[in-house]
Amino acid sequence: MQNAEALTAADRLDGLPFTRKHRRLLVGSGVGWALDAMDVGLVGSIMVALSVQWGLSAGTVSWVASVGFMGMAIGASVGGLLADRIGRRQVFALTLLVYGLATGAAALSWSVGALLVFRFLVGLGLGAELPVASTLVSEFAPRRIRGRVVVVLEAFWAVGWTLAALIGYLLVPTGDDGWRWALAVGAVPAVYAVVVRRGLPESVRFLVSRGRTAEAEAVVREFEASAGVEHPEGGLVAEVPDTARHSIWAPVLRRRTGALWAVWFCVNFSYYGAFTWIPSLLVADGFSLVRSLQFTLIITLAQLPGYALAAYLIEVWGRRRTLSVFLLGSAVAAVLYASADAPSSILAAGMLLSFCNLGAWGALYAVTPEVYPTAVRGRGAGSAAGFGRLASILAPLAVPLLVGWGGTAAVFVVLAVSFALAASASLALPEMRGEALEDA
């Protein structure tokens, strides 16, 4: 075994096999991730229901989606900063509580204004939770499979989005209060926050960076015991931080930050422009509400194999190649959707878009926390997600304008261009396959 005096937290964690402790962390974080996706996914079904029941215009309905993304933009940036100051686990639990309670309150909305306020609060919690969860899991995963583990975490998004499609299909059409019951189900995260707070460990790398080495040593020993690995004599060795790297815009980090922000912006614009509006676009193109939600459910199921393939390729091809290929596949799928003129071709193009786009999301979440050192990893991931959320605000508002200009085809041509731009920007990211996370 390596000399104890040379061992850092990264050395000891990276050398472990994947254990039941890793699995518990992955599943515990993944359940929170799925609940996030369920809440975001419900918006599409609720939008189409409210447009009918409350007689809302397309422009007004689009604000139901966009105001949530405004909250997510702020939440992601603030959540990342807090994660670097008070810890990953603390922020994760807090954000689950915030958006769970706000979602439950949204079910009681008595007007469009009240619904917009609650959706904004939901967005604050959601935006902060996602980058923090991926950072926490990335900092514990063994080096040789770190990317794959984070993609599997992202795959819980497909589980949550599928639940949202099921809830939308089964509850929303049941009556005037169907959308309220759907949102009431979304309050589950408030309860789950207690589980997260008590059951998940704090990031060892965060604890070491804050000088809390005794707590870090205790967590590392738990993971070593789970792996059946003998604890080395001596404690963890803390690396001396490089204060020149304590800004995401420091010269050595500037290129990767710029590339990440560009990818996040374009992917958010395309994803939320498509998937929050597909149910409504299908209705506008002549599909019934029930068939629209049925098609949405089938399209959503294609996310799961997309994640599975990305999880395999990310440790074979690497992060950058996997991300760029899935983004190019998404661009092709968007073009096919734009030209689809029959139910079967619409469904096939939608499934291909879902498959490729969510594979790209998995790769993006894997690479994002990897490109920053521990001291700024939370804010780096959070700021990239926050900047991307600006696009998710714009996308739902832009779709009605694009539909008015050129119909559904115009929407998906523009989304295809955005996917292609994201693929180009991804080529500027560093390749981190097999590399240790930077702790200094």
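The values are calculated or read from the model by the stated rules, or taken from the named source; none is laboratory data. Note that the structure is a prediction, hence the values are computed from the model and not measured. In this analysis, Cβ positions are derived from the backbone assuming ideal geometry, glycine residues included, and neighbour counts consider all displayed protein chains. Note: areas computed on protein heavy atoms with side chains; ligands, DNA, RNA excluded. Shrake-Rupley method; radii C 1.70, N 1.55, O 1.52, S 1.80 Å.
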**Message:** For the chain, what does the helix formula give at 222 nm: sum of -39500 (n - 2.57) over DSSP H segments with n ≥ 4, over the residue count, nearest 500 deg cm²/dmol?
**Reply:** -26500 deg cm²/dmol
**Asked** How much length is gained on full extension from Val417 to Asp285, taking 0.36 nm per residue of separation minus their Cα-Cα distance?
**Response** 45.2 nm
**Message:** Let me understand the chain better: what is its radius of gyration from the alpha carbons, and its Dmax, in angstrom?
**Reply:** 21.3, 70
**Request:** Compute from the Cα atoms of the range 1-75 the Rg and the Dmax, the latter being the longest Cα-Cα distance, and quote both in angstrom.
**Result:** 22.2, 70
**Message:** Treating only the Cβ of Lys, Arg, Asp and Glu as charged (+1, +1, -1, -1), what charge dipole size does the range 332-440 show about its Cα centre? Round to the nearest 20 debye.
**Reply:** 260 debye
**Request:** Write out the trypsin sites (Lys or Arg not before Pro) in the range 366-440 meeting two conditions: DSSP loop, and at most 16 other Cβ atoms within 10 Å of their Cβ.
**Result:** none
**Asked** Which whole-number value in Å² is the accessible area per residue of the range 288-440, probe 1.4 Å?
**Response** 33 Å²
**Prompt:** Put a dot 7 Å past each Cα toward the Cβ at Ala225 and Trp181; how far apart are the dots in nm?
**Reply:** 4.7 nm
**Solvent-accessible surface ranking, highest first, for Asp11, Asp39 at 1.4 angstrom** = Asp11, Asp39
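Which percent of the accessible area of the range 257-316 is formed by carbon and sulfur heavy atoms (probe 1.4 angstrom)?
Carbon and sulfur together cover 73 percent of it.
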**Item:** Unit Cα scatterers, Debye sum, the range 322-440: log10 I(q)/I(0) for q = 0.09, 0.12, 0.21, 0.23 Å⁻¹
**Value:** -0.31, -0.52, -1.19, -1.33
**Message:** Please list, by residue number, every one of the GluC sites (Glu not before Pro) in the range 406-440 that is coil in DSSP and has at most 15 other beta-carbon atoms within 10 Å.
**Reply:** Glu431, Glu435
**Asked** What is the magnitude of the charge dipole of the range 79-228 about its Cα centre, with +1 placed on the Cβ of each Lys and Arg, -1 on the Cβ of each Asp and Glu, and no other charges, expressed in debye to the nearest 20?
**Response** 400 debye
**Request:** Taking just the C-alpha trace of the range 1-155, give me its Rg and Dmax in Å.
**Result:** 19.1, 70
**Prompt:** Given 0.36 nm per residue, what is the gain on full extension from Ser57 to Thr174 after removing their alpha carbon distance, in nm?
**Reply:** 39.9 nm
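Based on Cβ point charges of +1 for Lys and Arg and -1 for Asp and Glu, what charge dipole magnitude is obtained for the chain about its Cα centre, in debye rounded to the nearest 20?
Roughly 160 debye for the chain.
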**Item:** Gyration tensor verdict on the range 82-188 (Cα atoms; rounded if a/c is under 1.5, prolate if a/b is larger than b/c, oblate otherwise)
**Value:** oblate
**Dipole of the chain, positive direction: furthest Cα of Ala155, Thr19, Ala93, with charges on the beta-carbon** = Ala93
**Message:** Along the charge dipole of the chain, pointing to its positive end and built from +1/-1 on Cβ of Lys, Arg, Asp and Glu, which listed residue (Gly59, Val185, Gly258) has its Cα farthest out?
**Reply:** Gly258
**Item:** Protection proxy ranking of 253-259, 110-116 - average other beta-carbon atoms within 10 Å, highest first
**Value:** 253-259, 110-116
**Fill in**
Of the range 406-436, those with amide N under 16 Å from the point 7 Å along the Cα→Cβ vector of Ser339 are 409-417
**Complete:** Between Tyr312 and Leu397, Cβ-based FRET efficiency (R0 51 Å, step 0.05) works out to 0.90
**Item:** HN-Hα J in Hz across the range 22-35 - Karplus 6.51, -1.76, 1.60, θ = phi - 60°, x for Gly and Pro
**Value:** 4, 5, 5, 5, 5, 5, x, 6, x, 4, x, 5, 5, 5
**Request:** Report the one residue of Gln303, Gly359, Leu328 whose Cα lies farthest in the direction of the positive end of the charge dipole of the chain (charges on C-beta: Lys and Arg +1, Asp and Glu -1; origin at the Cα centre).
**Result:** Leu328
